[in-house]
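The values are calculated or read from the model by the stated rules, or taken from the named source; none is laboratory data. In this text the structure is predicted, and so the values were computed from the model without any measurement. Positions of Cβ are generated from backbone atoms using ideal geometry, with glycine treated the same way; all protein chains shown enter the neighbour counts. Areas reflect the complete protein model, heavy atoms only, side chains present, ligands, DNA and RNA absent. Shrake-Rupley method; radii C 1.70, N 1.55, O 1.52, S 1.80 Å.
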Amino acid sequence: MPNFILTLFTSFLLASSCAWLIFVGMAHLTGADVGILPGRDSSIPPSRLFDLTRSTVTAAGLLAGVFAIVYAYRKQKIDEAGSHRADADSLGTRYQEAAEKLGSESATVRLAGIYALSALADQDSAQRETICRLLCGYLRMPYAPGESSPGEREVRHSVIKVIAEHLQDPESDFSWCGYDLDFSGAVFDGGSFAGSHFVNCSVSFSGCSFAGGKTVFDRSTIADAHVDFGDGESVPAVIDGGLVHFIGVRFKAGSSVSFIFAEFRSGSVEFGTSEFLPGSIMSFSACELHDAFVSFGGPTWQGAKFLGGGVHFSGAKFEAGALSFMGAKFAGSHIGLDDIEQVATSIIFDDAEFISGRVTFKDSKLSGRGASFSGESDPGGVVSPWPLPVSSPRRRRARRRYGWRSRPSTARDAGSAAQD
């Protein structure tokens, strides 16, 4: 209140002073004497004095109005600043309370904290990225499937769900698309990122362990983003009993997905019906396939479409399990199986369609299993070297093992088929 009275009094003095100055100035402009000094009469005629007074009063009113507007504007800004401070204090308090719930021993309280943070992120864009990082950090906390506290698995899957929900639409006002996601070292025993858009960001799964359950990325889009399951410098991921699905994923221009030095001990990683578009890169260089299944098609899912970009297995070691391109469509990509070492792994191209692009086995060491190419499409124009450097008897055993039923596509194959 004192500030209000002081402002009002100051405005009144300023308006009065300005009005008097205007009055005197106008009088002098007309050459009249207003009789300011004691004992001196005014030389202004009464009618002229009335007009001059009226003009002065009008000017004073305008000045008073200006001062009132300035005061009201200043008061509004002060009120808004106070309101913003109050809101910021309230949001800060809510963030602290929600974050503290994540440390509760009760799974129910932790769940409440997760959803409170999600709601706060939707309301306060300034804290959105911080909350995203906090939830990623929660997944990086030590976790042992089957040994953790009751409800912890549900809590972790809820964290994944909240993150995925905010990655569904890059144009949404509440989107987290574009934020870097750091899951490095986390243990996954399931969870769904289905339908997510990983765009203009970096996503780290380096050092992660997929130790059970099904972790789903189905129908996601990766564009102008790097997804790291091991990039040659970071700690590689380990698939050990988990199922990791990339069914129907679109790998668009600028996408880079790396499994360099990754270990596929058991379980499976599947890319059925996915599309690899020009400008996309996926690297399995120097990975180790032990007793797992890496599939780009079949028998459960239709084959992936390799329409551009590249998928590279350079220097990989296949000790067991299977690498399947069953039913895949090759129409522009480079699939590099160069310098691989095949020990007891099945490499399957059955029913694949070879249109264009390259599938190379340069300097590879293929075992007696070789690779299976049954189907109507002739791989000779795409696969090189062709035929693969495996002796005819071994090739015939591979046919029988994987059920080759294709018509011979070259004279050499025709001769081998006659001997069979």
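Overview of results
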| read-out | value |
| --- | --- |
| Residue in the range 268-279 that is within 27 Å of R128 (Cα to Cα), surrounded by fewer than 20 Cβ atoms within 10 Å (Cβ to Cβ) and either touching a strand residue (DSSP E or B) at 6+ places or on another chain (Cβ under 6 Å) or not hydroxyl-bearing (S, T, Y) (or both) present | no |
| Filter pass, G298 being touching a Leu at 6+ places or on another chain (Cβ under 7 Å) and part of a loop (DSSP other than H, G, I, E, B) | no |
| Inter-residue pairs, beta-carbon under 6 Å, first farther than 22 Å from T108 by Cα and in the range 152-176, second of a type in the set (V, I, T), 6+ apart | P170/V199 |
| Leading residue by the ranking (surrounded by the fewest Cβ atoms within 10 Å (Cβ to Cβ)) among those in the range 237-252 that are in contact with a Gly (Cβ under 6 Å, 6 or more places away or on another chain) and in contact (Cβ under 8 Å) with a residue 40 or more places away in the chain | I247 |
| Yes/no for Y179 being touching an Asp or Glu at 6+ places or on another chain (Cβ under 9 Å) and among the hydroxyl-bearing types (S, T, Y) | yes |
| Every pair of residues 6+ apart whose Cβ atoms lie under 7 Å, when the first sits in the range 100-113 and is within 15 Å of L134 (Cβ to Cβ) while the second is of a type in the set (A, V, I, L, M, F, W, C) and in a loop (DSSP other than H, G, I, E, B) | R110/L102; G113/L102 |
| Selection from the range 350-359 of residues that are open to solvent by less than 20 Å² (accessible area, probe 1.4 Å) and either more than 11 Å from L388 (Cβ to Cβ) or not in a strand (DSSP E or B) (or both) | D350, A352 |
| Any hit, the range 236-247, residues being more than 19 Å from G190 (Cα to Cα), in contact with a Ser or Thr (Cβ under 8 Å, 6 or more places away or on another chain) and not in a loop (DSSP other than H, G, I, E, B) | no |
| Residue in the range 132-151 that is open to solvent by less than 20 Å² (accessible area, probe 1.4 Å) and in contact with a Lys or Arg (Cβ under 8 Å, 6 or more places away or on another chain) present | yes |
